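The values are calculated or read from the model by the stated rules, or taken from the named source; none is laboratory data. Model, not experiment: these values are computed from the prediction. So basically every Cβ, Gly included, is an ideal-geometry build from the backbone, and we count neighbours across all protein chains shown. Note: accessible area is taken over every heavy atom of the protein model, side chains too, but ligands, DNA and RNA are not part of it. Shrake-Rupley method; radii C 1.70, N 1.55, O 1.52, S 1.80 Å.
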Amino acid sequence: MPIKKSAIKEFRKAKRRTERNSAILSRIKTLKKKLFKSSSAEEAGKVLMILSPVAQRSAAKGVLHQKTASRIISRANLHINKLKKAPAQPAVQ
């Protein structure tokens, strides 16, 4: 445990940041899973509309690196484009 008053304050600040950052990263991971499991381009597009600003905001605040956020968004767009190009699959009976 830290001894000096300033070190104690930094410890508290780091703890709060860690909790906030892990919550943001968890949300991004959940949205990514939801997007890549979606079978329709429309559903995936709705998830991307949520994922994109969350990733960009986390990069702006320093939770993610800017290039990491861009890569997440790019891969999501690639997935949606693949879904749009794929022919509609018949319902399994």
Is there any pair with a first residue in the stretch 24-46 that is in a helix (DSSP H, G or I) and a second that is among the small types (Gly, Ala, Ser) whose Cβ atoms are under 7 Å apart and which are 6 or more apart or on different chains, and what are they?
ILE24/SER58; ILE28/ALA55; ILE28/SER58; LEU35/ALA44; LEU35/ALA76; ALA44/SER38
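Would a scan of the stretch 65-78 turn up a residue that is of a type outside the set (A, V, I, L, M, F, W, C) and in a loop (DSSP other than H, G, I, E, B)? Reasoning before the result, please.
If we filter the stretch 65-78 for residues that are of a type outside the set (A, V, I, L, M, F, W, C), which is where we start, we get 65-68, 70-71, 74-75, 77.
From what's left, in a loop (DSSP other than H, G, I, E, B): 65.
Scanning the stretch 65-78, I find at least one residue that is of a type outside the set (A, V, I, L, M, F, W, C) and in a loop (DSSP other than H, G, I, E, B), so the answer is yes.
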If you go through LYS67, LYS46, LYS82, the only one that is over 10 Å from the mean Cα position of the chain (by Cα), exposed (fewer than 11 other Cβ atoms within 10 Å of the Cβ) and of a type in the set (D, E, K, R) is LYS67
Considering each residue of the stretch 11-42, count those that are farther than 30 Å from LYS82 by Cα, open to solvent by less than 90 Å² (accessible area, probe 1.4 Å) and among the charged types (D, E, K, R), and give that number.
1
Can SER58 be described as in contact (Cβ under 8 Å) with a residue 24 or more places away in the chain, at negative phi and polar (S, T, N, Q)?
yes
